[in-house]
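Data first, discussion second: the structure below is written as structure tokens.
The values are calculated or read from the model by the stated rules, or taken from the named source; none is laboratory data. Here the structure is a predicted model, which means the values were calculated and not measured. Cβ atoms come from the backbone with ideal geometry, glycine included; neighbour counts cover every protein chain shown.
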Protein chains: 6
Amino acid sequence: MNDSVFLAELSWPEVEQKISGGAAVFLPLGATEQHGHHMALNVDVIIPTAICERVARATGGLVAPTIPYGNRSQPRSGGGPAFPGTLNLSAHTFSLVVRDVIVELYRQKVRRIVVLNGHYENIWPSVEGIELALDAIGRDADLTILRMDHWEFARPETIERIFPEGYPGIELEHASVLETSIMLAVRPDLVDLSRALHDGPAKFRPYDRFPRPPAEVPPSGVLSMTEGSSAEKGEWLLADSVGRLVEIVNEEFK
Amino acid sequence: MNDSVFLAELSWPEVEQKISGGAAVFLPLGATEQHGHHMALNVDVIIPTAICERVARATGGLVAPTIPYGNRSQPRSGGGPAFPGTLNLSAHTFSLVVRDVIVELYRQKVRRIVVLNGHYENIWPSVEGIELALDAIGRDADLTILRMDHWEFARPETIERIFPEGYPGIELEHASVLETSIMLAVRPDLVDLSRALHDGPAKFRPYDRFPRPPAEVPPSGVLSMTEGSSAEKGEWLLADSVGRLVEIVNEEFK
Amino acid sequence: MNDSVFLAELSWPEVEQKISGGAAVFLPLGATEQHGHHMALNVDVIIPTAICERVARATGGLVAPTIPYGNRSQPRSGGGPAFPGTLNLSAHTFSLVVRDVIVELYRQKVRRIVVLNGHYENIWPSVEGIELALDAIGRDADLTILRMDHWEFARPETIERIFPEGYPGIELEHASVLETSIMLAVRPDLVDLSRALHDGPAKFRPYDRFPRPPAEVPPSGVLSMTEGSSAEKGEWLLADSVGRLVEIVNEEFK
Amino acid sequence: MNDSVFLAELSWPEVEQKISGGAAVFLPLGATEQHGHHMALNVDVIIPTAICERVARATGGLVAPTIPYGNRSQPRSGGGPAFPGTLNLSAHTFSLVVRDVIVELYRQKVRRIVVLNGHYENIWPSVEGIELALDAIGRDADLTILRMDHWEFARPETIERIFPEGYPGIELEHASVLETSIMLAVRPDLVDLSRALHDGPAKFRPYDRFPRPPAEVPPSGVLSMTEGSSAEKGEWLLADSVGRLVEIVNEEFK
Amino acid sequence: MNDSVFLAELSWPEVEQKISGGAAVFLPLGATEQHGHHMALNVDVIIPTAICERVARATGGLVAPTIPYGNRSQPRSGGGPAFPGTLNLSAHTFSLVVRDVIVELYRQKVRRIVVLNGHYENIWPSVEGIELALDAIGRDADLTILRMDHWEFARPETIERIFPEGYPGIELEHASVLETSIMLAVRPDLVDLSRALHDGPAKFRPYDRFPRPPAEVPPSGVLSMTEGSSAEKGEWLLADSVGRLVEIVNEEFK
Amino acid sequence: MNDSVFLAELSWPEVEQKISGGAAVFLPLGATEQHGHHMALNVDVIIPTAICERVARATGGLVAPTIPYGNRSQPRSGGGPAFPGTLNLSAHTFSLVVRDVIVELYRQKVRRIVVLNGHYENIWPSVEGIELALDAIGRDADLTILRMDHWEFARPETIERIFPEGYPGIELEHASVLETSIMLAVRPDLVDLSRALHDGPAKFRPYDRFPRPPAEVPPSGVLSMTEGSSAEKGEWLLADSVGRLVEIVNEEFK
């Protein structure tokens, strides 16, 4: 019908052909979460989807529909639930969705699955979702699942190029230079740098407080800073992620 | 940032402004399910999303991210799980996702919610998801949730215009003239009529059989027929749905 | 002990003998739900149980205890939860009961199961209960489960005989002519036609509203009408259901 | 309609009147479980239902539909799952059913509930079901729930009259003299003393073994003995239970 | 490293060696529950752990970490939730913990498991936890699980020696002579007999009341009496339990 | 009875007095997980319990029983499930335990709770457990819960003193110098440095693989290194944790 790598944009006979040919399926995990005054709420959906699209194209794979709601946002990593528009799933619900999709891919005879996560708080519930799927499928199954977080693939050289004065650390990289740059590269229409507040970086206490978190999230919701973001830097980061992921896929699924 | 009606394409201050102004939020419920040789698997995502987009634009509302995986496809209504590419959630998982999103919208102070469903098998689990949300929120809350299935809004006159020789019934309208026409209107790139098999309509026995369903689903996965589908008819149907839904929203949320 | 077809009225050695002889087991699904001023709350229990009893007698089967509480009644199909006496299970609870009973029947070496439903809102949770049972049992098991709703078996000729002026449709057939007639045939002591209000038929809007449903359910709880109900018509309907079900059982389980 | 005390045999306006008059609702908890060669599988359904019927009649109450499937039968108390015909629910499923029914009764404005259990293994899951209902309803609600097991009400004098040579203890009273006598009093058609094996009483080790229980359940499934059972003794026991329960209801709900 | 029988006090190579040698694993089930004015809240943790330790030492087994929180305390058996310091798990949570630990022991190739319970209200949820584990593992697995309650092992002679004037029954033996004596034997530092109130024994009505239990629990929380408790009697009871359990282990796992 | 700060070592009147005086309750979260050839499996239990004990003593608080089983160990952070003796809970089970204990503490009128975690994989399920507790309690409750991981409190100066040649990073600090030193300070009997293999540090790929993880965990299970561990360093680390936590408690609960 078309040459889309998105599974849901193909007809079932096209999907059948791809799967029977051994195509890997990429499952992007997103979230609907505040990303500052200057970006849309779908950053964690856009970025892993864009990376999966490029890697799938390079490796003959398919991209399953991105899960658009993520596990509960926390103040120290994503601003937390108080920001308008942040819509969370509970961890158990999120894990069940991941479980069901993986079990279904397995039932559909997919044996190579890459789960690419774009939202910090999804890390552990996605691990649990995979574990629950394996509880159902059996752990001696002829199946390989790789799970990863896209921000792990930025090469040290790239980080140095982007932060010549020192990297503030991934913990604060929420709605900051890395995410903003990638968004400028793939969906500049969803970024408006002129609205960025410069009220960060956040200095968090080393603990969580419930139900009233400490007032340390900057009012903007940006945990670090946005100055210096650019589409060019975004392309560097995408090149790192896509390149590394293509290598991994080729090595693991050869 | 932009004039999108999609909640996830706005920044959090934009969402905050919309919600505090009383905007209704539309939640489309989709599925990833076979729709014949001639259409993509995302028909149940595309159609309710398109309707919600138009209604939200007309009424000042917001469209939350579409749930892209639906409740288990059944042979008599959607071909069933045997078709490659159909990826199902269990009913409980699907209901929990609906519950969590509704509870979150309520927490975000949204008081007018429209759940628009595009996948037959989602009907009951979406009812349950809303019930579970109300179990958590409380049933005397200041909140109105409308739940509907887009195919309920085709006017009898339109059905007659489309099927001058008689309507085969909504039960068989899976991947058939209605859905195909709407897809031709909104995403013609995901339809290829030249590939449509003409092996329907399905004649189902009046019962379900598990785990091996009767062999009555036509090989194509189309339950009724596709001849006569056109973008023009799709626009008639969209006009019906959008028009009726705008009326309902104006009446219920005035 | 006796010649009952009800499994629970036999001793275990009698059940053992029946099962080892290949007897099919019928599981009726009921509800405790308002059925107008003129009928008891157990209509959805009585009718499928009566049909199962007759079919089991004709085919050498056994009838398992009827599940007497059903999935949440909804305004458009059963009047909804506001009517006194309506006692609902949540969908998940109902599905787990169905799952557990099916898994137990399988463990007891039953390989032919007929799930006969008598309550509209049970349709989807009973499908899910069977799916959950198969998730546990395995889908390649030597087992056949048929699931059906008793109102599917009325022959068009019978419907025409009963409604010479046109059938209002099954959606409104709650506590109306069909159910009332069957009750008059099997449990006339639980019907008092003199109390029937004639405030229907209901005209529903094509959507659900929560938590406050539209005020469209007729005060009586009867969705359509009761005039013309008779035990004779009830027997016609029972004959249709029993006859068709005997055919299905003989064909599917031969 | 009729003067039944069974809630499900009344119409909704009749139930409404009863509830608004402060009627207590009795919920019998049963099971489908082997009860020897000489009795039907529904002993645990019949007995608490019969007691509730009599007490409701004496006190103006209503009897809700008996839950006909019980928590997993165990070898030391009911013979265990190996006996044909025993159909169990898991503890969680059983507790959820109890929870849902209690929550619904409360929603229907019932404030006096008596849960009368007839199956040993239901004791704890029925406690949990009530606790779960109170977790949902709130523990400061204007509501009283009494939970009891019918065998607790046999007066010592009666036990002595029945067992002049000493009481073997309630642990072994499965399908034995007490249950058999009550069944002879209320449903003699479901008892056939001529088939009773006299292979008891069981001598159990003081522990459980899984998944293969010790071979100590007598082949008949009768844990103690049946000699000396009679309808007369059954009436003594019923009189004890009904009398004591009427006292309790009058005292607790005055 | 050391000669501990506590699994968690060994290094993994030491555990590996034990398991590959066929060691049985003992899982003590405890609770955090009031035990009168004169004893600490951890009585139900201390006693089964102490017994398991001795039996494991005698039989070459290992003791897994004791589950320190138990199923909801009830007034008639443990004083109930109203006593400060009593911290309960719900039955489902408790069963899931037991399930998970058993499944993990099986995964670790342990094939001989003894679950020794020290808290009355844990009886049924521990049975359910084992059943759930077997649902996951499969019931034809090469595995034996024994489940027992430590108070079942007191020999009649010992009970007679301890209660020369008659045994009040295990139901009331909460924080009374048996438990107090064993605590005096194993952890005298957690007992202060001078603080014991002598307000028992409790006389319970033969039913439960929710949410406000009858005021029949003695203010002290001791259900029976403490006079006559001594470390010597505690040693008698421990000798009974340990001796009997060693016999059982040797017989069942030979 | 005694001056223990462990809640379970007190009688209920003692606990009552403490709670009514406003005592904070510390809940340590542990695990049963391999920690190399040279340490016992209970490191993640011992360390947070020891810190809580000291802080409770300094601030007049109470220590609730440590949860001794943790969320599923993963290869990149704890060696993973393949090591003998590692016994995991699923994330949902672990979260439910945390939820239940917090809800119970709240019910017992505790309003100041510190959850101190000692196992990396518990981070997210403990967040979820607290969120679930607040879902039940309500988020406007008069209650403060602090959640923290003990390794966050090592001061940079201390880390520098311990690793003069550079800190390998907390990710690899499993069974390595930090944990080994603290264990040498508090439970030297559970450490045997002579058995330490020196096969680390681990070099992990930046992704997870299921169900067969990459073979990158060093055979010993030690992720980093153990040389240079000492009780003295352990005391430095404990002093940091205890000191910082006392400050936090004093500040947050003043």
Task: Sole exception among (1) more than 25 Å from E:Gly78 (Cα to Cα); (2) touching a His at 6+ places or on another chain (Cβ under 6 Å) for E:Ala175, by number - done: (1)
TODO: Report the residue count in the stretch B:83-92 for those that are closer than 18 Å to A:His92 by Cα and assigned to a strand (DSSP E or B).
DONE: 2
Task: Members of the stretch E:25-37 found to be of a type outside the set (Val, Ile, Thr) and surrounded by 24 or more Cβ atoms within 10 Å (Cβ to Cβ), listed by number - done: E:Phe26, E:Leu27, E:Pro28, E:Leu29, E:Gly30, E:Ala31, E:Glu33, E:Gln34, E:His35, E:Gly36
- [ ] Out of the residues in the stretch B:19-44 that are in contact (Cβ under 8 Å) with a residue 60 or more places away in the chain and assigned to a strand (DSSP E or B), state the one that is nearest to A:Val5 (Cα to Cα).
- [x] B:Met39
Open item on the list: Tell me yes or no: at least one residue of the stretch C:45-66 is of a type in the set (Asp, Glu), farther than 25 Å from C:Val217 by Cα, surrounded by fewer than 24 Cβ atoms within 10 Å (Cβ to Cβ) and at pLDDT below 95.
Closed with: no
- [ ] Output the number of residues of the stretch A:166-204 satisfying the condition of being in contact with an Asp or Glu (Cβ under 8 Å, 6 or more places away or on another chain), surrounded by fewer than 17 Cβ atoms within 10 Å (Cβ to Cβ) and under 30 Å from F:Ala141 (Cα atoms).
- [x] 1
- [ ] Could you run through the stretch F:13-24 and say how many residues are over 20 Å from the mean Cα position of the chain (by Cα) and either crowded, with 24+ Cβ neighbours inside 10 Å or of a type in the set (A, V, I, L, M) (or both)?
- [x] 3
TODO: From (1) over 15 Å from the mean Cα position of the chain (by Cα); (2) within 10 Å of chain D (Cβ to nearest Cβ), pick out the condition that doesn't hold for C:Ile46.
DONE: (1)
Task: Residue, farthest from C:Val55 (Cα to Cα), within the stretch C:238-254, restricted to residues that are among the charged types (D, E, K, R) and in contact (Cβ under 8 Å) with a residue 60 or more places away in the chain - done: C:Glu252
- [ ] Determine which member of the set C:Gly78, C:Gly85 is touching a His at 6+ places or on another chain (Cβ under 9 Å) and within 28 Å of D:Val15 (Cα to Cα).
- [x] C:Gly78
Open item on the list: Looking for something within 28 Å of C:Trp12 (Cα to Cα), surrounded by 24 or more Cβ atoms within 10 Å (Cβ to Cβ), touching a Ser or Thr at 6+ places or on another chain (Cβ under 7 Å) and of a type outside the set (Gly, Ala, Ser) - is there at least one such residue anywhere in the stretch C:123-130?
Closed with: no
Task: Pick from the stretch E:190-206, criterion of a type outside the set (Lys, Arg) and without any contact (Cβ under 8 Å) to a residue 24 or more places away in the chain, ranking: nearest to E:Ile170 (Cα to Cα) - done: E:Pro206
- [ ] Would you mind finding the one in D:Arg111, D:Arg187, D:Arg155 that is among the basic types (Lys, Arg), touching a strand residue (DSSP E or B) at 6+ places or on another chain (Cβ under 8 Å) and in contact (Cβ under 8 Å) with a residue 24 or more places away in the chain?
- [x] D:Arg111
Task: Unique match (being among the small types (Gly, Ala, Ser) and at pLDDT 95 or above) among F:Ser194, F:Ser230 - done: F:Ser230
Open item on the list: Residues to consider are F:Val15, F:Val55; find the one that is hydrophobic (A, V, I, L, M, F, W, C) and either in a loop (DSSP other than H, G, I, E, B) or facing chain E (nearest Cβ under 7 Å) (or both).
Closed with: F:Val15
Task: Residue check for A:Gly80: assigned to a loop (DSSP other than H, G, I, E, B), on the phi > 0 side of the Ramachandran plot, away from chain F (no Cβ under 12 Å) and of a type outside the set (Asp, Glu) - done: no
TODO: Answer yes or no as to whether B:Asn71 is more than 8 Å from chain A (Cβ to nearest Cβ), surrounded by 23 or more Cβ atoms within 10 Å (Cβ to Cβ) and not hydroxyl-bearing (Ser, Thr, Tyr).
DONE: yes
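Listed here are the residues, each with its yes/no results for (1) over 24 Å from E:Leu87 (Cα atoms); (2) of a type in the set (Asp, Glu).
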residue: E:Ser11; (1), (2): yes, no
residue: E:Ile19; (1), (2): yes, no
residue: E:Gly22; (1), (2): yes, no
residue: E:Glu33; (1), (2): no, yes
residue: E:Gly36; (1), (2): no, no
residue: E:Ala40; (1), (2): no, no
residue: E:Val45; (1), (2): no, no
residue: E:Ala56; (1), (2): yes, no
Open item on the list: Given the condition within 20 Å of the chain's Cα centre (by Cα), crowded, with 21+ Cβ neighbours inside 10 Å and either at positive phi or among the hydroxyl-bearing types (Ser, Thr, Tyr) (or both), answer yes or no: does some residue in the stretch A:207-222 qualify?
Closed with: yes
Task: Counted residues, the stretch D:207-230 - those being in a strand (DSSP E or B) and either in contact with a Pro (Cβ under 9 Å, 6 or more places away or on another chain) or basic (Lys, Arg) (or both) - done: 2
Task: Residue tally, condition touching a Lys or Arg at 6+ places or on another chain (Cβ under 9 Å) and under 29 Å from C:Lys109 (Cα atoms), over the stretch D:48-77 - done: 2
Task: Selection from the stretch A:207-237 of residues that are under 26 Å from F:Ala154 (Cβ atoms), without any contact (Cβ under 8 Å) to a residue 60 or more places away in the chain, within 11 Å of another protein chain (Cβ to nearest Cβ) and of a type outside the set (Ser, Thr, Tyr) - done: A:Arg209, A:Phe210
Open item on the list: Please pick out the residue among C:Thr32, C:Thr86 that is out of contact with any strand residue (DSSP E or B) (no Cβ under 6 Å at 6 or more places or on another chain) and within 9 Å of chain D (Cβ to nearest Cβ).
Closed with: C:Thr86
